[in-house]
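J.: Structure in structure tokens, see below.
What follows draws every value from the coordinates through simple rules; no lab data is involved. Everything quoted here is computed from the prediction, not taken from an experiment. Counting neighbours? That spans all protein chains shown, and the Cβs are built from the backbone with ideal geometry, glycine included.
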Amino acid sequence: MRILTIHNRYQVRGGEEECYETELNLLRQMGHHVEVYEEDNNYLTGLNTAALALKTVWSQKTYDDIRLCLRQQAYDVVHIHNFFPLISPSVYYAAKAEGVPVVQTLHNYRLLCPNALLYRDEKLCEDCIGKIIPYPGVLHGCYRNSELASAGVATMLSVHRAMRTWTEMVDVYVCLSKFARRKFIEGGLPADKIVVKPNFVNPDPGVGSGSGDYALFVGRLSIEKGLDTLLAAWEELSKYIPLKIVGNGPLADYVAQAVKSLPRVEWLGYKSTAEVHSLMGEAMFLVFPSKWNETFGRVAIEAFAKGTPVIAANLGAISEIVVPDKTGLHFQPGVPKDLVDKVKWLLANPEKLAQMRLEARLEFETKYTTENNYEQIMNIYTIAQRNSNF
């Protein structure tokens, strides 16, 4: 199969980039011919806000490039991971003009929300869901803290809603969780075109021992990830179990200052994937304190692959990934006391913890392996080809 993959890279590498690259590598490993068309958000510095807004709505360069590419070489499917902001929805029209099926993976909530998070001012926000014009996101400057930049995103969403781009120009949408699928349906995407395919881990990192006697957080150091909840909980928990924090981001200084006053709490900064997996395998459990409705939660399934249970905030996709009393525990989002209680309970029940390690690994083997995911990808491409012919 020949696949043209489309991706607009972020300025800061994150989980979405890793998931995209993992899938790309899998397709190539399985013998498929995969070409990549990419833009990079590092080029945003050369564009003023007005120029960026226009390019976000329609990039003629993308349209021309993709049509030429599809004419020069036959492709079975165009798979878009991220078109925002430089590629634009014109990529859909280029593929359709050349008669090639279109698949769009929804890694975030950009089609529903100008800032793509459904999170504003440190709380969940769904003010723009279902609105023809997502004006609340403009009023609050949700994209890049700018009303003008947010207006550009809102214009793109509104124009393409009016053009029926979202309902007619994509053959299959791929959501990473049932939770995310429900949100996109609520926001107006056609339910019959949305399938659920979770992220996966490739290669299998193998089971760890869990003998490290510490808790672990892995993720971007940003406000929506619940670091305030995590650090507040460890004001009490540090005397019971050490905590290691892995990651970098805008709250790096905040974390660096906080750990100075918290005994047995350590910030390790950025670590490679291999180093992260090693830390996960030795950790007693992983903590996932996110305060926004994650579309998935890759670090949780990486922990499962290592046989490590997850204590997670009970919201968004992570609440369906982590099964309470089986692969981990849930706690009330943003409530440090409840996180403290759950950690203490797990520490007081070592037999249950040992069983959770077995269940976590089994969950990975059942749902998140390379083989399982490859089968799902191929099925999605078949559905896209069938839908495209209607």
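J.: Local charge sum around residue 325 (other residues, Cβ-Cβ under 15 Å, Lys/Arg +1, Asp/Glu -1)?
T.: Details: positive: 326, 342, 352, 357; negative: 320, 341, 351, 359, 363.
Neighbourhood net charge equals -1.
J.: Still on this structure: Measure off 7 Å from each Cα along the Cα-to-Cβ vector at residue 44 and residue 323, then give the distance between these two points in nanometres to one decimal.
T.: 3.9 nm
J.: If each of residue 220 and residue 28 carries a label point 7 Å out from its Cα toward its Cβ, how far apart are those two points in nm?
T.: Output for this residue pair reads 2.4 nm.
J.: Please figure out what share of the DSSP beta bridges in the chain is antiparallel and state it in percent, rounded to the nearest 5. Kindly include the intermediate steps, with their values, before the conclusion.
T.: Numbers: 2 of 43 bridges.
Rounded to the nearest five, the antiparallel share is 5 percent.
J.: Can you work out the FRET efficiency for the pair residue 239 and residue 209, with r the C-beta to C-beta distance and R0 = 22 Å, to the nearest 0.05?
T.: On the way: r = 24 Å, r/R0 = 1.09.
Efficiency computed from Cβ-Cβ geometry: 0.35.
J.: Relative to the present Cα-Cα distance, how much length would full extension add between residue 332 and residue 132 at 0.36 nm per residue of separation?
T.: Roughly 68.7 nm would be gained on extension.
J.: Taking a cut-off of 25 Å between Cα atoms, list the lysines near residue 96, but don't count ones fewer than 8 places away on the same chain.
T.: Those lysines meeting the cut-off are 55, 61, 193, 197.
J.: For the range 6-125, give me the percentage of DSSP beta bridges that are antiparallel, rounded to the nearest 5 percent.
T.: Values: 2 of 11 bridges.
Counting only bridges with both partners in the range 6-125, antiparallel ones make up about 20 percent.
J.: Looking at the calculated P(r) for the range 23-178, what percent of the C-alpha pair distances fall above 25 Å?
T.: Numbers: 3915 of 12090 pairs.
Percentage above 25 Å: 32.
J.: While we're looking at this one, here's another question. Please report the net charge: other residues with Cβ closer than 14 Å to the Cβ of residue 264, K and R +1, D and E -1.
T.: On the way: positive: 239, 244, 260; negative: 213, 235, 236, 266.
Net local charge, residue 264 excluded: -1.
J.: Going through the DSSP H helices of the chain, which span 20 Å or more along their own axis at the Cα atoms while scoring at least -1.0 as a mean Kyte-Doolittle hydropathy?
T.: 147-162, 350-367
J.: Sticking with this structure for a sec: Using helices alone, what [θ] at 222 nm do you get for the chain, with -39,500 (n - 2.57) per DSSP H run of 4 or more residues, divided over all residues and rounded to the nearest 500?
T.: On the way: 16 runs with 170 residues, N = 390.
Mean residue ellipticity at 222 nm (helix-derived): -13000 deg cm²/dmol.
J.: Report the full-extension gain for the segment residue 256 to residue 375: residue separation times 0.36 nm, less the Cα-Cα distance, to one decimal in nm. Please report the intermediate quantities before stating the final value.
T.: On the way: separation 119, 0.36 × 119 = 42.84 nm, distance 4.32 nm.
Gain on extension, residue 256 to residue 375, equals 38.5 nm.
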